[in-house]
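The values are calculated or read from the model by the stated rules, or taken from the named source; none is laboratory data. Being a predicted model, the structure only gives us computed values, none of them experimental. Cβ: placed from backbone, ideal geometry, glycine included. Neighbour counts: every protein chain shown. For accessibility, only protein heavy atoms count, side chains too; no ligands or nucleic acids. Shrake-Rupley method; radii C 1.70, N 1.55, O 1.52, S 1.80 Å.
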Amino acid sequence: MKGRGRDRPRQIPGRSAAPWKSALAGGLAGLILTLILQFPAAWLASALQQLTEGRVLLSQASGTIWSGSARLVLSGGTDSQSISALPGRLDWRARPQWDGLTVQLLAECCTTAPLSLAIRPRWGGVRLDVQPQSPAPTPPIQLPADLLTGLGAPWNTLEVEGQLRLTFQGLSVEWTQGRMSIAGRAELIASGMSSRLSTLKPMGSYRITITGGNTTRLELATLDGSLQLSGTGQWVGSRLRFTGEASAAPDREAALSNLLNIIGRRNGPRSIISVG
């Protein structure tokens, strides 16, 4: 038949006319996934530094953003000379989830078990859950109190020493459009505390409790010691308003007088503490 040699081959229905496009798309997707999985830990360190305005740093970061380690450093800010570092290194493991991200933190110096966090984006904000969300407290985190010196004033003036013990109980924190809400409970025990402003060592042990709800409350109480601290506060939006007082045991007023003058407004034997 005339013109048969010029007939075009028939295309099978459903088969791509350009299979190389699918191969290229698959290759690009694989390359992008590989790059994401290999994002260096230094990128995380840079992002955290910007997010906290230089107050929380990851020094000597190694590994990736998904699995790495670094020295945790606290600073008073970009222009501050105050700096302190966590003893040893902090290790992390991060895994993406359908609704956010799970992170496990472990520090040989300070944790007996990994601290598990769930980070979930929200419309106009983010939610952070300390796992597991159960009535039982999390394993305690033990920290040296002198780590606080790196946060700048007033800690760099007080130069406190002692041990901090932090536990969480069903704690979640949510930031939405600049407002913070807290559910659950956090407790900080500060044991054997002392300061360079007083010759008395130790001055005492104290408990700080944060309880979430419609109104998030903070309570400060003295467990033992010559320096007596007490007070209550609450969060309004993202700002803490706290009022309390400090006083010395009758036979320790001379040893604690300088410290009482610094930490609040002196009113006779007491020092009035006000924040916010």
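Below is a table of values for the structure above.
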read-out	value
Pair list, Cβ < 6 Å and 6+ apart or interchain, from segment 261-276 residues that are over 16 Å from LEU197 (Cα atoms) to residues that are basic (Lys, Arg)	ILE272/ARG265; GLY276/ARG239; GLY276/ARG241
Residue within segment 205-217 that is within 19 Å of VAL160 (Cβ to Cβ), open to solvent by less than 70 Å² (accessible area, probe 1.4 Å), touching a residue at least 12 places away in the same chain (Cβ under 8 Å) and aromatic (Phe, Trp, Tyr) present	yes
Residue check, LEU117 of a type in the set (A, V, I, L, M) and assigned to a strand (DSSP E or B)	yes
Selected residue [in contact with a strand residue (DSSP E or B) (Cβ under 9 Å, 6 or more places away or on another chain), open to solvent by less than 60 Å² (accessible area, probe 1.4 Å) and more than 20 Å from TRP43 (Cβ to Cβ)] from PRO132, PRO140	PRO140
Residues of segment 143-158 satisfying the condition of being closer than 18 Å to LYS201 by Cα and either open to solvent by 60 Å² or more (accessible area, probe 1.4 Å) or of a type in the set (Lys, Arg) (or both)	ASP146, TRP155
Selection status of SER172, part of a strand (DSSP E or B), of a type in the set (Ser, Thr, Tyr) and open to solvent by 20 Å² or more (accessible area, probe 1.4 Å)	no
Matching residues in segment 220-245 - criterion: being under 28 Å from the mean Cα position of the chain (by Cα), open to solvent by less than 40 Å² (accessible area, probe 1.4 Å) and within 13 Å of ARG270 (Cβ to Cβ)	LEU229, GLY231, GLY244
Some residue of segment 80-87 being among the aliphatic types (A, V, I, L, M) and surrounded by fewer than 18 Cβ atoms within 10 Å (Cβ to Cβ)	yes
Selection count where residues are part of a strand (DSSP E or B), under 29 Å from GLU174 (Cβ atoms) and of a type in the set (Val, Ile, Thr), scope segment 70-113	4
Meets criteria (aliphatic (A, V, I, L, M), assigned to a strand (DSSP E or B) and either at pLDDT 90 or above or open to solvent by 80 Å² or more (accessible area, probe 1.4 Å) (or both)) for ILE272	yes
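So that you can scan it fast, the table gives a plain yes or no per residue for (1) over 21 Å from THR215 (Cα atoms); (2) among the small types (Gly, Ala, Ser); (3) modelled with pLDDT under 90:
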site	(1), (2), (3)
TRP92	yes, no, no
ALA107	yes, yes, no
ALA118	yes, yes, no
GLN133	no, no, yes
LEU148	yes, no, no
PHE168	no, no, no
